[in-house]
Amino acid sequence: MQILIDQMINLIQKDQADYKTYTIISLPSLFDSQIAVVPDKTWFDGYFNRDTKEQRWLPLDKERNLIKEWNLSLPLNLDIKGFKELLLDDEVFEQEIWFIGELK
């Protein structure tokens, strides 16, 4: 996880003022984690609102802190949001998704 965060920070520090960069940490399936770069912050409009018959994102308790739980380091100027993702099909698939980076 720290490697993903560090690489995301390296991307932010380059001259990319027009872009927003963040890391998505998937737990327990860490292999699904990724770094994303989007053209601008308007891309986030409505992005975190997932409440359909097939997919729900429930905000995790704000007292939870992935950075402390996993002993990671993160600059204070970056944001973090955690969700419990429910994929509802024939079976229910459940995981945590954490977004770390330029989220505003």
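Would you work out which of 99, 47, 76 lies farthest towards the positive end of the dipole of the chain? Charges go on Cβ: Lys and Arg +1, Asp and Glu -1.
76
How far, in degrees from 0 to 90, does helix 2-13 lean away from the longest principal axis of the Cα atoms of the chain, to the nearest 10?
The helix 2-13 is inclined about 50 degrees to the chain.
Quick one: the Cα spread of the chain along its three principal axes, in angstroms, biggest first?
So the three principal-axis extents are 45, 31, 25 Å.
Determine, from the Cβ-Cβ distance of residue 53 and residue 104 and an R0 of 25 Å, the FRET efficiency 1/(1 + (r/R0)^6), rounded to the nearest 0.05.
0.25
Report the full-extension gain for the segment residue 10 to residue 77: residue separation times 0.36 nm, less the Cα-Cα distance, to one decimal in nm.
Value of the extension gain: 22.7 nm.
What length, rounded to one decimal in nm, is gained on full extension from residue 31 through to residue 68, with 0.36 nm per residue of separation minus their alpha-carbon distance?
11.3 nm
Run the numbers for residue 92 and residue 40: contour at 0.36 nm per residue of separation, minus the present Cα-Cα distance, in nm.
15.4 nm
Any read-out appearing in this document is the output of simple, stated calculations on the displayed coordinates, not a laboratory observation. Quantities reported herein were computed from a predicted structural model and do not represent experimental measurements. A quick note on method: Cβ atoms are made from the backbone with ideal geometry, for glycine too, and the neighbour counts reach across all protein chains shown.
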